[in-house]
Amino acid sequence: MSPTASIPEALKAWYEAQRRALPWRDAPTPWRVWISEIMLQQTRVSSVIPYFERFIARFPDPASLAAAPLDDVLSLWAGLGYYARARNLHAAAGQIVARHGGVIPDDPAAFAALKGVGRYTLGAVMSIAFGRRLPALDGNLTRVICRLDLIEEDPRAKATQDRLWRRAAALVDDPQPGEINQALMELGATVCTPKSPACLLCPLAAHCRARAEGAAARLPKKTPKAARPTQRWRAALLRDEGGVLLGQRPTEGLLGGLWEPPQAPDEAGLAAMGIKTDGEARVITHAFTHLIWEVEALEGRAVEGGVEGGGYTAFKRVAEADLGGVALTGPALKALRAWGVAAPKRR
Ligand code: SF4
């Protein structure tokens, strides 16, 4: 490819030659594209691959997903994190069955109306699966465009966001918008990386203003992260011959629908659920994007009768050998390991 090839030509030629072989790129049906795009948000490709293959095998189309209990969907998602994605996909599959006869609509307005479909997902699925000229600005594209156009402003600022979306839209104004979007995503993931962009290997080097100015490594502008508040919890491990007691969190809210050993802000909260703790606490911490949990994990027992309340929608006992098949929260997994309960293996 000549160094003076246009940006779309350079991107498409590079993508054709360099793209990684990934399971969702084989037979890219709208359903496979959508599932992969959702799974890839906030998550590394290598982590996604086994989850994608299991998910597609179990739910080959929207109808099969819509028909499954949410708990089955969350179990299959367990370990991938950001569970709102799974809940939204499940709800959206139901909407596709109800509104579109089980077929993903080749219609941006109809697709955008589905649960959990934001501007990025809309552009990614519509361009890759249906060849529609819609941009899909994610972290990778943000980085590539900030460098390409020497954008020094904070990419999170509203005015910069508007500028980035406009530029992304101009870039996909091409007969193969899906190839352009995927090429930009791939370039950001493999060449124009955050810390050490490999400009010598880059198909856009001749067009890149940050490269010309020696500014690539400091762009996009970083904004200091806001301090995250810490929440403290006390969790109780209640185990007997029936297994480990787990509570299910309410469907709406943080870690909705997932299971964990019962926890409360303090001992009084556990006592109100009928639980008393003993022995030495093991402290585990878990960082979410917006807050940190510090969990004191203790052995516990039911004072008398059953355990109830605490905001949980259900309780169940699970044999330790079967914990790998349960949609546990990330902190619950860490606590179970800290207690020495056979570390649940992800399937
Ligand atoms: Fe990124 Fe370097 Fe390519 Fe510019 S030349 S887009 S900074 S890899």
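Stretched out fully, how many nm does the piece from Glu304 to Ala27 gain, at 0.36 nm a residue minus the Cα gap?
Value of the extension gain: 94.0 nm.
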In whole angstrom, the spacing between the Cα centers of the stretch 137-214 and the stretch 292-335 equals 44 Å
On the formula 1/(1 + (r/R0)^6), with r taken between the Cβ atoms of Ile292 and Ala159 and R0 of 45 Å, the FRET efficiency rounded to 0.05 is 0.90
Per the 1/(1 + (r/R0)^6) rule, R0 = 30 Å and r from the Cβ atoms of Thr193 and Thr223, FRET efficiency to 0.05 is 0.95
Cα-only Rg/Rh for the chain with Kirkwood Rh rounds to 1.04
Looking only at lysines whose Cα falls under 19 Å of Lys221's and that sit 8 or more positions away or on another chain, we get Lys158, Lys195
The whole-number value in µm²/s of the Stokes-Einstein translational diffusion coefficient for the stretch 1-108, with Rh from the Kirkwood sum over alpha carbon pairs at 25 °C and 0.890 mPa s, is 159 µm²/s
Cβ-Cβ cut-off under 14 Å around Asp240, Lys and Arg +1, Asp and Glu -1: the net charge is +1
Filtered hits (aspartates and glutamates, Cα-Cα < 20 Å from Lys225, offset >= 8 within chain) -> Asp138, Glu152, Glu153, Asp154, Glu294
Computed over the stretch 277-347, the distribution of all Cα-Cα distances in 5 Å bins, rounded to whole %, is 3, 13, 20, 23, 26, 12, 2, 0
If the chain between Ser6 and Arg232 were fully extended at 0.36 nm per residue, the gain over the current Cα-Cα distance would be 75.9 nm
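Based on the alpha-carbon gyration tensor of the stretch 129-204 and its eigenvalue square roots a ≥ b ≥ c, which shape applies: rounded if a/c is under 1.5, prolate if not and a/b is larger than b/c, or oblate?
Oblate, because a/c is 1.5 or more while a/b does not exceed b/c.
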Given Cβ charges of +1 for Lys and Arg and -1 for Asp and Glu, the option among Phe111, Pro50, Trp31 whose Cα lies farthest towards the positive end of the dipole of the stretch 1-118 is Pro50
So the carbon and sulfur contribution to the accessible area of the chain, 1.4 Å probe, in percent, is 53 percent
The extension gain from Glu267 to Leu200, computed as 0.36 nm times the residue separation minus the Cα-Cα distance, is 18.2 nm
Result for the chain: accessible area per residue, probe 1.4 angstrom, in square angstrom, of 47 Å²
Each label sits 7 Å from Cα toward the beta-carbon; between Asp106 and Gln42 the label points are separated, in nm, by 3.3 nm
GNM of the chain, Cα pairs under 10 angstrom: of Ala302, Ala63, Ala92, the biggest fluctuation goes to Ala302
So the FRET efficiency between Ala67 and Glu213, C-beta based with R0 = 56 Å and rounded to 0.05, is 0.50
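The values are calculated or read from the model by the stated rules, or taken from the named source; none is laboratory data. Note that the structure is a prediction, hence the values are computed from the model and not measured. When we count neighbours, we look across all protein chains shown, and the Cβ atoms used for this are built from the backbone with ideal geometry, even at glycine. Remember, those area values only see protein heavy atoms, side chains included, never the ligands or the DNA or RNA. Shrake-Rupley method; radii C 1.70, N 1.55, O 1.52, S 1.80 Å.
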